[in-house]
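Reading through the structure tokens given below for one structure.
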2 protein chains.
Amino acid sequence: MAIETLKAEVARTFGTPAVVIDLDKVERNIARVQALCDAAGVANRPHIKTHKSPVLAAMQRDAGARGITCQKLGEAEVMADGGLDDILISYNLIGEEKMRRLGALLARASVTVAADNPVTIAGLPDAAARAGRDLGVVVECDTGRQRAGVETPEEAVALAGQIAGSTGLRFDGLMLYPTEDGWDKAQRFLDAASAGLASLGLTARIVSTGGTPNLVNLGKLKGATEHRVGTSIFNDRMMLACGAATLEDCALEVYATVVSRAGPERGILDSGSKTLTSDTGGGLDGHGLILEHPQARIARFAEEHGFLDLSGCNDKPEVGDVVRVIPNHVCVVVNMVDRLIAVRGGEIIGEIPVAARGRLG
Amino acid sequence: MAIETLKAEVARTFGTPAVVIDLDKVERNIARVQALCDAAGVANRPHIKTHKSPVLAAMQRDAGARGITCQKLGEAEVMADGGLDDILISYNLIGEEKMRRLGALLARASVTVAADNPVTIAGLPDAAARAGRDLGVVVECDTGRQRAGVETPEEAVALAGQIAGSTGLRFDGLMLYPTEDGWDKAQRFLDAASAGLASLGLTARIVSTGGTPNLVNLGKLKGATEHRVGTSIFNDRMMLACGAATLEDCALEVYATVVSRAGPERGILDSGSKTLTSDTGGGLDGHGLILEHPQARIARFAEEHGFLDLSGCNDKPEVGDVVRVIPNHVCVVVNMVDRLIAVRGGEIIGEIPVAARGRLG
């Protein structure tokens with residue numbers, strides 16, 4: 001089997017654990033999202049938190065993405081270093097150190113940031129002044145997810161007014177992350193906010209929505225201008241569970257070795273919480289799907305041990321077997337490694353640095 | 001307050017999130033473990049998985065540690081690069097890539113590895129041959145934790161025989177990781193294994209135990225020669241919960257900024273699962289202890305958001321506040337960052353690279 005040859009080649013060349021991406025699937029996933037955005041008449045602004053790689057961001061741009069989304073300033077710096085531009089940092093940036101860096105970034109790239117409170121906004125003119133250039137700001141709005149984001153249209157409008165009245169800041173629009181069943185609520189929020197903005201003489205040039213599971217909702221929000229998706233470039237067990245992806249769409253696998261079979265119903269993978277992470281993917285049972293042994297349960301972790309419960313497994317893996325794991329949550333797994341092994345057509349074709357790995361600030 | 005000055009200085013210099021260690025506490029923790037090992041008459045072989053830093057490993061060595069423990073070969077390579085020697089790799093190493101690297105490491109450092117199965121042992125002579133030097137092997141024994149490790153003394157003796165009969169391998173002893181209440185069971189296991197070894201003409205030169213919560217059990221196992229501890233150098237919320245440490249012993253804190261207060265009972269830290277990790281510390285409630293607001297609950301995570309439930313919190317943090325978090329599990333948090341900020345007496349004195357971060361293989 002071709003896959004056994006590939007597994008042996010990856011293990012021999014890089015050892016395990018190894019995080020492997022299939023570029024054919026990656027390209028298909030990129031093209032699919034672009035086509036969905038095109039069909040819905042919204043711009044595609046992929047969220048690079050999933051791959052943290054300027055190489056992959058450039059593939060998304062070249063396929064038609066308008067710009068990119070970053071969650072942290074450090075990610076945006078790496079992307080700008082890699083030649084990416086038109087960057088939305090979807091995060092409240094606060095503090096002198098961040099303003100120093102944001103100013104330097106803004107001087108060399110087109111940047112928009114998000115804010116959901118007056119303290120954040122009050123700090124941002126410092127960055128604009130350092131850059132000698134206006135900084136775009138979108139107001140983050142919460143329409144039910146209880147993350148960041150103002151809870152009412154009135155608050156959004158008030159912050160837009162603060163932004164528009166701040167030297168060096170430009171009100172760019174609204175950023176939403178609707179729940180999958182909450183697009184009616186998002187529409188009511190947006191309509192009310194737009195009316196309020198109009199009364200201030202403001203317009204939301206950007207109305208940004210987000211989320212891979214929300215790709216099915218594209219086009220539903222009248223007034224939306226762009227969509228942010230991260231996970232869809234690779235997909236994972238969480239996307240399988242919610243029906244947003246099939247196994248054929250899963251472009252990233254963690255190659256792991258069975259290093260112990262200490263009990264007849266137990267085994268140990270060389271990938272624990274420092275590789276696959278303890279992220280349960282929103283409450284999934286087990287810590288990943290082993291493609292060769294779907295009945296094997298990754299029951300718990302030590303840092304470098306994945307504890308396999310093989311009691312439900314007819315065909316049990318042996319010590320030395322290399323297996324492929326679809327992780328629960330791909331975005332946090334990529335962040336554990338410095339490189340992705342890229343394959344195409346069953347052949348290793350190179351390594352892609354996870355250049356923004358660990359850029360937490 | 002001195003701590004407010006330090007927090008402001010860390011935030012201004014490095015930004016948040018920042019992982020900060022107090023070297024006074026670190027030295028006290030190192031000295032405490034060394035004294036406990038000395039008093040019990042066992043060697044101290046600290047596990048560097050917690051700090052992944054040759055600088056800190058050298059501090060442990062200089063305080064009296066015999067050697068070090070690494071969980072992965074990549075960690076051992078970094079430690080050898082940093083001048084550490086006498087390295088126990090407490091892990092089943094399997095595969096051609098690992099043997100190539102293990103051979104190169106053995107050629108330049110004194111290395112012992114662990115094994116719990118015949119497949120692992122059968123692969124190891126290749127590394128010894130590459131190094132032109134004998135490789136020490138200890139047999140990993142399970143006395144109740146259901147991790148790696150053979151489940152019976154008979155299996156341990158059989159593997160010892162296989163090791164002793166393998167060209168280039170040297171049987172070095174037994175590695176145990178008793179449960180905190182399982183030292184009687186460990187004694188019975190060790191006694192039976194020792195008798196079996198004697199019948200083969202073998203002796204366990206090393207009998208290694210492990211675990212920070214097991215420091216209270218040092219001296220209980222007759223025949224033990226050394227102890228492996230990781231977490232005790234920093235401690236964490238897990239060690240607080242099990243009584244193995246007090247707040248005064250917690251030497252590592254994650255400095256984080258409150259970036260949103262989107263609802264009256266909610267807040268958001270700039271540290272999510274990509275900083276504090278989703279490790280629950282064995283089922284603790286919440287994702288860390290905020291020293292300034294112990295009633296605030298880090299209820300859940302997005303990748304870069306720590307969602308605060310402030311409903312039980314009289315004194316609620318404001319946007320822009322910098323807070324200090326004791327993480328649930330310190331070993332996985334250190335592995336998320338490239339450097340630790342070192343402070344002493346309330347002053348920043350430098351940065352310590354987490355040189356073995358992400359060495360998963």
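The values are calculated or read from the model by the stated rules, or taken from the named source; none is laboratory data. Just so we're clear, the structure is a prediction, and the values are computed from it rather than from any experiment. Virtual Cβ from ideal backbone geometry, glycine too; neighbours counted across all protein chains shown. What goes into the accessible areas is simple: the full protein's heavy atoms, side chains included, and nothing from ligands, DNA or RNA. Shrake-Rupley method; radii C 1.70, N 1.55, O 1.52, S 1.80 Å.
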Test each condition in (1) open to solvent by 10 Å² or more (accessible area, probe 1.4 Å); (2) over 28 Å from A:Leu360 (Cα atoms); (3) touching a residue at least 12 places away in the same chain (Cβ under 8 Å) for B:Met99 and report the one that comes out false.
-> (1)
Flagged pairs (Cβ under 9 angstrom, 6 or more apart or on separate chains; first in segment A:337-361, over 18 Å from B:Gly74 (Cα atoms); second assigned to a strand (DSSP E or B) and modelled with pLDDT under 95) are none
Would segment A:271-278 turn up any residue that is under 19 Å from the mean Cα position of the chain (by Cα) and free of Cβ contacts under 8 Å to residues at least 12 places away in the same chain?
-> no
Selected residue (only one of B:Thr257, B:Thr203, B:Thr246 is within 14 Å of chain A (Cβ to nearest Cβ) and either surrounded by fewer than 23 Cβ atoms within 10 Å (Cβ to Cβ) or of a type outside the set (A, V, I, L, M) (or both)) = B:Thr257
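Across segment B:112-140, what is the total count of residues that are at positive phi and either basic (Lys, Arg) or crowded, with 24+ Cβ neighbours inside 10 Å (or both)?
So the count comes out to 0.
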Of all residues in segment A:5-50, how many are on the phi < 0 side of the Ramachandran plot, outside any strand (DSSP E or B), within 13 Å of another protein chain (Cβ to nearest Cβ) and of a type outside the set (Val, Ile, Thr)?
-> 8
Where A:Cys313 falls short, out of the listed (1) within 27 Å of B:Ala148 (Cβ to Cβ); (2) more than 12 Å from chain B (Cβ to nearest Cβ); (3) open to solvent by less than 30 Å² (accessible area, probe 1.4 Å); (4) not in a loop (DSSP other than H, G, I, E, B) | (4)
In segment B:316-361, residues that are of a type in the set (Val, Ile, Thr) and in a loop (DSSP other than H, G, I, E, B) total 3
Take segment B:269-286 and flag every residue that is touching a helix residue (DSSP H, G or I) at 6+ places or on another chain (Cβ under 9 Å) and within 25 Å of A:Asn117 (Cβ to Cβ).
-> B:Ser273, B:Lys274, B:Thr275, B:Leu276, B:Gly286
Residue list for segment B:161-200, restricted to those being of a type in the set (Asp, Glu), under 24 Å from the mean Cα position of the chain (by Cα) and surrounded by fewer than 20 Cβ atoms within 10 Å (Cβ to Cβ) = B:Glu180, B:Asp181
Residues of segment B:226-259 classified as touching a Leu at 6+ places or on another chain (Cβ under 8 Å), of a type in the set (Ser, Thr, Tyr) and touching a residue at least 12 places away in the same chain (Cβ under 8 Å), total = 2
Inside segment A:55-77, can you point out the residues that are in a helix (DSSP H, G or I), open to solvent by 10 Å² or more (accessible area, probe 1.4 Å) and aliphatic (A, V, I, L, M)?
-> A:Val55, A:Ala58, A:Met59
Any chance B:Val332 is more than 28 Å from A:Val330 (Cβ to Cβ), open to solvent by less than 10 Å² (accessible area, probe 1.4 Å) and facing chain A (nearest Cβ under 10 Å) = no
Having 2 or more residues that are under 22 Å from B:Asp321 (Cα atoms), touching a strand residue (DSSP E or B) at 6+ places or on another chain (Cβ under 8 Å) and at pLDDT 95 or above is the bar; report the strands (runs of 3 or more DSSP E) wholly within segment A:81-153 that clear it.
-> A:111-115, A:135-141
